[in-house]
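> The structure is given below, and queries will be raised subsequently.
Read-outs: derived from the displayed coordinates by stated rules, not from any lab. Small disclaimer: the values here were computed from a predicted structure and weren't measured. Virtual Cβ from ideal backbone geometry, glycine too; neighbours counted across all protein chains shown.
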Amino acid sequence: NAGVTQTPKFQVLKTGQSMTLQCAQDMNHEYMSWYRQDPGMGLRLIHYSVGAGITDQGEVPNGYNVSRSTTEDFPLRLLSAAPSQTSVYFCASSPPGGGSGYTFGSGTRLTVV
Amino acid sequence: GQQVMQIPQYQHVQEGEDFTTYCNSSTTLSNIQWYKQRPGGHPVFLIQLVKSGEVKKQKRLTFQFGEAKKNSSLHITATQTTDVGTYFCAGYSGNTGKLIFGQGTTLQVKP
C-alpha cells in the first residue's frame with residue numbers, strides 16, 4: 001500500500017498564479033484533511049472531509065478550495081497564490097472516529113514569490 | 001472556536017533526563033491524539049486517549065488524559081537521542097472529523 005500520496009513535493013509559484021495540490025490515499029479512509037505547517041504555528045487545519053461529497057472549513061480556509069468527488073482523492077486548490085501561502089502542506093487520512101490516527105502524506109513544500 | 005494550546009514550545013534536555021509536554025483545550029474533547037514529527041518528516045500517529053483520566057504507556061512514553069477531558073500530557077522517561085523531534089497533541093471535539101492540533105513541543109536531546 002502506498003498510503004497517502006501527495007504531489008508535487010516542491011513547487012514555486014508567482015503571486016496570483018493558481019494551482020492544485022494533489023492528494024490520494026489507497027486505504028479506503030473516509031476522513032481526509034489538509035493542514036499547513038509554518039514555523040512556530042504547528043499544524044493548522046485548512047479544510048476537511050468526512051466522506052465523498054462532504055467537505056467543511058477548518059481554521060484557515062481563506063484562499064483555498066477543496067472538493068471530494070471520490071473516497072480516494074482530496075485535491076486542494078489555491079485560487080490566487082499569495083506570499084502568505086508559502087508553507088508546507090500536509091494531506092492526511094483516517095478511518096471514521098480516528099481511533100488509529102491520521103496517516104500523513106510526505107508533504108508539499110510551496111513557495112510563493 | 002476550538003483551540004488547543006501546548007507548552008513548552010521548545011525543550012532541550014541532556015540524554016537520560018525526563019521530558020514532559022502539556023496540552024490544554026479550550027473545549028471538552030471527545031478524544032485526544034499524540035503525534036511525533038522527526039526533523040524534515042511528516043507527523044506520525046503515536047496514540048489516542050478516549051476516557052476521562054486514561055493513562056497509557058508505550059515503553060518509555062506515558063500519556064495521560066485529564067479528568068475533565070480538556071488537558072493531556074506526554075512524559076518521556078530517560079530520553080534518548082532517538083526521541084528528538086516535535087511532539088503534537090491533537091483533539092477531536094465531537095464526532096465531526098475535525099482534528100485540531102496544538103503548536104507542538106520540539107525536543108532536543110544532547111548526548
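Yes/no per residue for (1) surrounded by 22 or more Cβ atoms within 10 Å (Cβ to Cβ); (2) farther than 16 Å from B:Gln48 by Cβ:
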| position | (1), (2) |
| --- | --- |
| B:Gly66 | no, no |
| B:Asn71 | no, no |
| B:Thr79 | no, yes |
| B:Thr82 | no, yes |
| B:Gly85 | no, yes |
| B:Gly97 | no, no |
| B:Ile100 | yes, no |
| B:Gly104 | yes, yes |
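Residue-wise test of (1) touching a residue at least 40 places away in the same chain (Cβ under 8 Å); (2) under 13 Å from the mean Cα position of the chain (by Cα).
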site: A:Gly3; (1), (2): yes, no
site: A:Gln17; (1), (2): yes, no
site: A:Ala24; (1), (2): yes, yes
site: A:His47; (1), (2): no, yes
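> Go through the range A:3-14 and give me each residue that's within 14 Å of chain B (Cβ to nearest Cβ), out of contact with any Lys or Arg (no Cβ under 8 Å at 6 or more places or on another chain) and more than 17 Å from A:Ser100 (Cβ to Cβ).
Result: A:Thr5, A:Gln6.
> Filter the range B:12-67 for residues that are within 19 Å of A:Gln37 (Cβ to Cβ) and in a strand (DSSP E or B) and give the result.
B:Thr21, B:Cys23, B:Gln33, B:Trp34, B:Tyr35, B:Lys36, B:Gln37, B:Val44, B:Phe45, B:Leu46
> I've got another one for you. Search the range A:15-71 for residues being assigned to a strand (DSSP E or B) and more than 14 Å from chain B (Cβ to nearest Cβ), and hand back the single one that is farthest from B:Gly40 (Cα to Cα).
Among residues in the range A:15-71 that are assigned to a strand (DSSP E or B) and more than 14 Å from chain B (Cβ to nearest Cβ), the one farthest from B:Gly40 (Cα to Cα) is A:Asn65.
> I've got another one for you. Could you go through the range B:66-80 and let me know if any residue there is at the interface with another protein chain (Cβ under 10 Å from one of its Cβ atoms), at negative phi and touching a Leu at 6+ places or on another chain (Cβ under 8 Å).
Scanning the range B:66-80 turns up no residue that is at the interface with another protein chain (Cβ under 10 Å from one of its Cβ atoms), at negative phi and touching a Leu at 6+ places or on another chain (Cβ under 8 Å).
> Scan the range A:78-91 and report the pairs whose first residue is touching a residue at least 40 places away in the same chain (Cβ under 8 Å) and whose second residue is charged (D, E, K, R), with Cβ atoms within less than 6 Å and a gap of 6+ or a chain change.
Pairs that qualify, where the first residue is touching a residue at least 40 places away in the same chain (Cβ under 8 Å) and the partner is charged (D, E, K, R), are A:Ser87/A:Arg36; A:Ser87/A:Asp38; A:Val88/A:Arg109; A:Tyr89/A:Arg36.
> Taking the range A:72-92 as the search range and keeping residues that are in a loop (DSSP other than H, G, I, E, B) and away from chain B (no Cβ under 14 Å), which one is surrounded by the most Cβ atoms within 10 Å (Cβ to Cβ)?
Going through the qualifying residues, I end up with A:Ala81.
> If I go through the range A:35-45 residue by residue, how many of them are free of Cβ contacts under 8 Å to residues at least 40 places away in the same chain and surrounded by 15 or more Cβ atoms within 10 Å (Cβ to Cβ)?
Of the residues in the range A:35-45, 3 are free of Cβ contacts under 8 Å to residues at least 40 places away in the same chain and surrounded by 15 or more Cβ atoms within 10 Å (Cβ to Cβ).
> Would you be able to say whether some residue in the range A:15-25 is among the hydrophobic types (A, V, I, L, M, F, W, C), more than 19 Å from B:Gly41 (Cβ to Cβ) and buried (at least 21 other Cβ atoms within 10 Å of the Cβ)?
Among the residues of the range A:15-25, not one is among the hydrophobic types (A, V, I, L, M, F, W, C), more than 19 Å from B:Gly41 (Cβ to Cβ) and buried (at least 21 other Cβ atoms within 10 Å of the Cβ), which makes the answer no.
> Limited to the range B:81-111, what total is found for residues that are within 14 Å of another protein chain (Cβ to nearest Cβ) and among the charged types (D, E, K, R)?
Result for the range B:81-111: 1.
> Another question, then. Give the range B:68-101 a look and list any residue that's outside any helix (DSSP H, G or I) and β-branched (Val, Ile, Thr), or say none.
B:Ile76, B:Thr77, B:Thr79, B:Val84, B:Thr86, B:Thr96, B:Ile100
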